[in-house]
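To start, the structure itself, in structure tokens.
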Amino acid sequence: MSVTMLLLLAVIGLCFDFGRIYIIRNEAQMFADSAAMTAASKLDGTPAGVDRARDAVAHLPMRWNLGTQPFTDVVIEFASEGDGATGTTWQLDPKDASALTLIRATAPANGVDIVFLRAVGGPKSFMVPARSVAAVNPVRLVQ
């Protein structure tokens, strides 16, 4: 009976940790999707549009870890050709703003503290990055 109780508690703990990872993964992906689409909607072919795109992402009100922490170290990259997959050349500071057609938003620093999995030798934390690519005209997610 005590062995069964111990196994039951272990399974509940694993479900708790994996559930938190799943929730944070969804929060991060929703942020990346909205950041990419928000930035794509601000591009107008001018360098000022690139600045507006970055500023719009910086002011998104979304948070992660059940709304307790802001997204940090968000990377916004721009491309003027390709489909967002392999072969696309991404630039942090684009030279020709008039040719930009794609935006990639990456939220890399989403570390989840593991509570129960550590008891059986698991990691202390788990990184949950998210990335999304949006096209400019019309504004839509492409990846």
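Please find, among LEU66, LEU14, the residue that is exposed (fewer than 14 other Cβ atoms within 10 Å of the Cβ), within 22 Å of VAL115 (Cβ to Cβ), more than 14 Å from the chain's Cα centre (by Cα) and touching a residue at least 12 places away in the same chain (Cβ under 8 Å). Step through it out loud before you land on a result.
Details: LEU14 fails: exposed (fewer than 14 other Cβ atoms within 10 Å of the Cβ).
So the residue among LEU66, LEU14 that is exposed (fewer than 14 other Cβ atoms within 10 Å of the Cβ), within 22 Å of VAL115 (Cβ to Cβ), more than 14 Å from the chain's Cα centre (by Cα) and touching a residue at least 12 places away in the same chain (Cβ under 8 Å) is LEU66.
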**Every residue from the range 29-51 that is surrounded by fewer than 16 Cβ atoms within 10 Å (Cβ to Cβ), of a type outside the set (Ser, Thr, Tyr) and either assigned to a helix (DSSP H, G or I) or touching a residue at least 40 places away in the same chain (Cβ under 8 Å) (or both)** = MET30, GLY45, PRO47, ALA48, ASP51
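When only residues in the range 86-143 that are among the basic types (Lys, Arg) and within 18 Å of the chain's Cα centre (by Cα) count, which is nearest to LEU8 (Cα to Cα)?
Restricting attention to the range 86-143, the residues satisfying the condition of being among the basic types (Lys, Arg) are 95, 104, 118, 124, 131, 140.
With the extra rule that they be within 18 Å of the chain's Cα centre (by Cα), the set shrinks to 104, 131, 140.
Values: ARG104: 43, ARG131: 36, ARG140: 45 Å.
My answer is ARG131.
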**Prompt:** Of all residues in the range 72-82, how many are on the phi < 0 side of the Ramachandran plot and at pLDDT below 90?
**Reply:** 3
**Message:** For the condition touching a Ser or Thr at 6+ places or on another chain (Cβ under 7 Å) and either among the β-branched types (Val, Ile, Thr) or modelled with pLDDT under 90 (or both), what is the one hit in ALA85, ALA109, ALA105, ALA56?
**Reply:** ALA109
**Request:** Scan the range 102-130 for residues that are in a loop (DSSP other than H, G, I, E, B), within 22 Å of ALA32 (Cβ to Cβ) and out of contact with any helix residue (DSSP H, G or I) (no Cβ under 9 Å at 6 or more places or on another chain) and report the count.
**Result:** 2
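The values are calculated or read from the model by the stated rules, or taken from the named source; none is laboratory data. These figures come from a predicted structure and were not determined experimentally. Reconstructed Cβ throughout: ideal geometry from the backbone, glycine too, with neighbour counts over all protein chains shown.
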